[in-house]
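Participant: Input: one structure, supplied below.
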Amino acid sequence: AHYRIREVPVVQKNKIIGVVTAKRILKMLSTKDNKWIKANLIYTQNPIIISSEESLSNARRIMTSKRVDHLPVMNNGKIKQVLTSAHLLESILPLESQGRKSMGSRTVHKLESRIGNIGSTRIPQCTPNDDLNKIVNSMLKANTSCCLVNLWENLHGIITFRDILELLASKIES
């Protein structure tokens, strides 16, 4: 959580023998009794949001300057998807192709295109009183790295892998 990474290698005698992932930690955490930890204890309040009409370059600027990896996207007054840095990279990297016509590069200003429908639409949602077990299980089931915290159809916050890992780290330190 401190270094904002989702995977770390396990090294023994200068050889990588495995990897620990945030998702694996969440799976382990989901087997424990964490019903006493409520969403309102860990979520990031008033998350930064962006309109689907904004450019990808603006989303990138917000994500890097504010150091966020999950950006809820508004469309017609509602959160329709969440844009992550992975989605941003996928949308701007050139597609690889083979053959004679793949030689050379075509410059496309992809960052100037609108966000539109880029991002994940399978975002689990919870309320501030939902427990950590429910939240983690919904994130694992949806195969996503965040959960939106809503109350009466209003976005109150967002919970990410990082929030949960920071909670675990603080428990280990205390």
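Participant: Find the residue count for the range 140-159, including only residues that are part of a loop (DSSP other than H, G, I, E, B) and of a type in the set (Lys, Arg).
Facilitator: Step one: of the range 140-159, the residues part of a loop (DSSP other than H, G, I, E, B) are 143-145, 152-153.
The next check asks that each one be of a type in the set (Lys, Arg); those that pass are none.
Within the range 140-159, residues that are part of a loop (DSSP other than H, G, I, E, B) and of a type in the set (Lys, Arg) number 0.
Participant: Right, next: Here are Thr160, Thr127: which of them is under 13 Å from the mean Cα position of the chain (by Cα) and not hydrophobic (A, V, I, L, M, F, W, C)?
Facilitator: Answer to the check: Thr160.
Participant: Name the pairs: first residue in the range 41-59 and closer than 28 Å to Asp130 by Cβ and open to solvent by 60 Å² or more (accessible area, probe 1.4 Å), second residue of a type in the set (Lys, Arg) and assigned to a helix (DSSP H, G or I), Cβ to Cβ under 6 Å, at least 6 apart or on different chains?
Facilitator: Here the result reads Ile48/Lys66, each pair linking the range 41-59 to a residue that is of a type in the set (Lys, Arg) and assigned to a helix (DSSP H, G or I).
Participant: May I ask you to list the residues in the range 116-145 that are open to solvent by less than 30 Å² (accessible area, probe 1.4 Å), closer than 22 Å to Ser55 by Cα and at pLDDT 85 or above?
Facilitator: Scanning the range 116-145 gives Gly119, Ser120, Ile123.
Participant: Suppose we filter the range 150-161 for residues that are in contact with an Asp or Glu (Cβ under 8 Å, 6 or more places away or on another chain) and open to solvent by less than 10 Å² (accessible area, probe 1.4 Å); how many remain? Break it down stepwise before answering.
Facilitator: The first filter runs over the range 150-161 and keeps only residues in contact with an Asp or Glu (Cβ under 8 Å, 6 or more places away or on another chain), leaving 160.
So of that shortlist, the ones also open to solvent by less than 10 Å² (accessible area, probe 1.4 Å) come out as none.
Number of matching residues: 0.
Participant: Go through the range 8-40 and count every residue that is open to solvent by 100 Å² or more (accessible area, probe 1.4 Å) and of a type in the set (A, V, I, L, M).
Facilitator: Step one: list which residues in the range 8-40 are open to solvent by 100 Å² or more (accessible area, probe 1.4 Å), which gives 12-17, 24, 27, 31-33, 35-36.
The next check asks that each one be of a type in the set (A, V, I, L, M); those that pass are 16-17.
Counting residues in the range 8-40 that are open to solvent by 100 Å² or more (accessible area, probe 1.4 Å) and of a type in the set (A, V, I, L, M) gives 2.
Participant: Sticking with this structure for a sec: Quick check: is even one residue across the range 94-114 outside any helix (DSSP H, G or I), closer than 27 Å to Thr21 by Cα and at pLDDT below 90? Before the answer, list the steps.
Facilitator: Restricting attention to the range 94-114, the residues satisfying the condition of being outside any helix (DSSP H, G or I) are 94-99, 103-109, 113-114.
Next cut, closer than 27 Å to Thr21 by Cα only: none.
Within the range 94-114, none of the residues are outside any helix (DSSP H, G or I), closer than 27 Å to Thr21 by Cα and at pLDDT below 90.
The values are calculated or read from the model by the stated rules, or taken from the named source; none is laboratory data. The structure presented is a predicted model; accordingly, all values stated were derived computationally and were not measured. Don't worry about glycine lacking a Cβ; one is built from the backbone with ideal geometry, like all the others, and counts go over all protein chains shown. With ligands, DNA and RNA removed, areas are computed over all heavy atoms of the protein, side chains included. Shrake-Rupley method; radii C 1.70, N 1.55, O 1.52, S 1.80 Å.
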